[in-house]
Every structure is written in structure tokens, then in C-alpha cells.
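The values are calculated or read from the model by the stated rules, or taken from the named source; none is laboratory data. It should be emphasised that the depicted structure is a prediction, and the values quoted were computed from it without experimental measurement. Cβ placement follows ideal geometry from the backbone for every residue including glycine, while neighbour counts extend to all protein chains displayed. With ligands, DNA and RNA removed, areas are computed over all heavy atoms of the protein, side chains included. Shrake-Rupley method; radii C 1.70, N 1.55, O 1.52, S 1.80 Å.
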Amino acid sequence: MNPNRHCVFIRVCHRMEDLRILVDIIRKHWTNGSYFILIASNGKSLGYDIPPEVKNSVDKTVELQDNLGHKAGDGMLLQSGLQFIPDSCEYTILLQADTWIFDDGLISKYIEKLKKTSSVWASAEWIEKYWSLAVDFAIVNTSFLKSSPDILNFTEHPESSVCNYLLDNSQNFIYINECMPVHRPNIMKGFYNAYGGRFRSFPEAKMVTHHIEDLPDGIEDKKLLANICLNRDVFDVESRVNIATEHKKLRMVMKLASILPRSRWFNKKKRRNLQK
């Protein structure tokens, strides 16, 4: 096992433009380590093929014919790709194609934390009232992941399913604080309810997760939002706003979200009851 080489496991259905940009970001901006890039897709039957230039720039692609829908399909994609993760990769970074991370410094940081705490999984806390862990971006010990495929056997509430599995099997996990909170506290609803109350830009993580179909100008808007998140022009797009000012606003909103009262402060965290 090579401690300096890791697998990046990307899942995608129809967001091929997101995928193209994400792979380019990894190749250009992830400079702290060596990465085996694996892509699993279930969009082929719907007419979404992995672009040839993407196939040529990654190490392995897997295209499924069946699509079980958003959540069950994601679990199927993850399970289908396990056999292609090289054993030589000590950790595997799970990513959805629309989750752009512009620097692997965060990944290096949490790999070290995983080692120091003897933990097997690191990701954001998803819903605070339940034990839950994000699956759109996670860093996982490869040996554990490949020996525990049932952790990916989810249909509904994958974030709770993953966390329940770790709790049931006495496996340690840690939160990636820079990617939290994922959802805004209810007290902010009166003045911030963008994107359905879910945060999509995380400046501390240098990460954006916007769905382009929810943006008026699609991928161009997402590129601009990425520039704002990073406080620099990583993409050459028309800036209709002042990048530095909007970046400060974003940081202020995220800071408020982290310090304002939340229901979890007063209620004990629960385990979600899941039916397989």
C-alpha cells in the first residue's frame, strides 16, 4: 500500500459538464499527492455518455446500464466501483461529480486526522438532529471500504445509513468541519433561505456543490460562484458582482450559521430508523 497515493472515486449520472470540470480541477490543483481517478456512471441508458476527453484523462471508467434512481443508484455506483479501487491506495476520496474541491490540502489534513484517531471515515455531518455523514464528499480508509461493502447498501437516507453502519460496527469517524454546517439553522430562515436552506459554497474547504440546473445561467453561474468562494478568478467568466465583497458576505453567512442557536443544542441526537 502506497501511503502517498490515493483513489478519487467519482460518481455521475447526467452532470457530465460538472464531471469534465471536476477532473480538470483535480489534475490542475490537487498537488499534494498522487491520485488514481475512478469514475462510475449510470447515465448511459439515459443518453449521458462519459465524454471521450474525460475517459482519456482518468485511470478507470465504469458505465452501468441500469439506473435505480438518485439514492439507490448512487449506492449501486459505489458498490460497482469497489473492485477497481487499487489496494495500493491507502485512502479513497468519494466525490459526486458536482462537488468541486479546488485544493487537496484539506484532504491531506484529514487523512492525517484519520490516522491519528484510528478512524475509517471522514465527512461532514449532514443533518444535525440525526447521526449522519455526508456521502457527496468523504475520505475513507480503502481497506475498510473494500472489506465492508454493506456500508454502501443504501436506498433512502444514505447519510444516516452510512453513519448507522459505523456505529453498529464500532468504527470511528470524524467530521470535516470546514464543510459544515450543511444546512442553515432555522433562525436564519427569515433572511437566508437560498438553495432550499442548504449551503452550497464552503470557502474554508474551497468547495462548491451547486446544482447547475438550479442556477439561471447554469454552468457559467457555478463558475462565478466558485470564483466568489475562492476569492479569485479561477474561471474566466464575466463578473457581474464584486468578487471580494461577495466572498466576505459568504464568509459572514457561514460564520453566522456556525454560531447562531440550533435545535441540536437542546435535543439529543437521534439515530434514524431505516428500513432496508
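GNM on the chain, alpha-carbon springs under 10 angstrom: the most fluctuating residue among Y165, Y91, Y35 is Y165. Secondary-structure-derived ellipticity at 222 nm for the chain, considering helices only, amounts to -10000 deg cm²/dmol, per-run term -39500 (n - 2.57) for DSSP H runs with n ≥ 4.
Taking a ≥ b ≥ c as the square roots of the Cα gyration tensor eigenvalues, with a/c under 1.5 meaning rounded and otherwise prolate when a/b beats b/c, else oblate, which class fits the range 1-155? It is oblate, given that a/c is not under 1.5 and a/b is not larger than b/c. A Gaussian network model of the chain, with springs between Cα atoms under 10 Å, assigns the largest mean-square fluctuation among D74, D150, D168 to D168. Working from Cα pairs under 8 Å separated by at least six residues, relative contact order for the chain is 18 percent. For the range 183-276, applying the loop criterion from DSSP together with a ceiling of 16 other beta carbons within 10 Å to the chymotrypsin sites (Phe, Trp or Tyr not before Pro) yields F191, Y192, F235, F266. For K113, the accessible surface of its heavy atoms amounts to roughly 80 Å² (probe 1.4 Å, protein chains only, rounded to the nearest 10).
The GNM of the chain, with springs linking C-alpha atoms under 10 angstrom apart, assigns the highest mean-square fluctuation among P86, P52, P203 to P52. If the cut-off is a Cα-Cα distance under 14 Å, which aspartates and glutamates reach K248, setting aside same-chain residues fewer than 8 apart in sequence? Within the straight-line limit of under 14 Å, K248 reaches these aspartates and glutamates: E204.
Projected label points at S45 and K113, each 7 Å from Cα along the beta carbon direction, are separated by 3.9 nanometres. Once the convex hull of all Cα atoms in the chain is built, its volume per residue stands at 136 Å³. When you restrict to C-alpha pairs under 8 Å that are six or more residues apart and normalise by the size of the range 1-138, the relative contact order lands at 32 percent. Cross-link reach is defined here as a Cα-Cα straight distance under 30 Å, omitting same-chain residues fewer than 8 places apart; for K55 the lysines meeting it are K28, K44, K71, K109, K146, K206, K222, K223. The modelled label-to-label distance for the pair E220/Y175, using points 7 Å beyond Cα in the direction of Cβ, is 3.9 nm. Put simply, the Cα atoms of the range 124-219 extend 43, 31, 27 Å along their principal axes, the longest span coming first. The Cα-based radius of gyration of the range 196-276, divided by its Kirkwood radius, gives an Rg/Rh of 1.10. Mean separation of Cα pairs under 8 Å and 6 or more residues apart, divided by the residue count, gives the range 61-199 a relative contact order of 28 percent.
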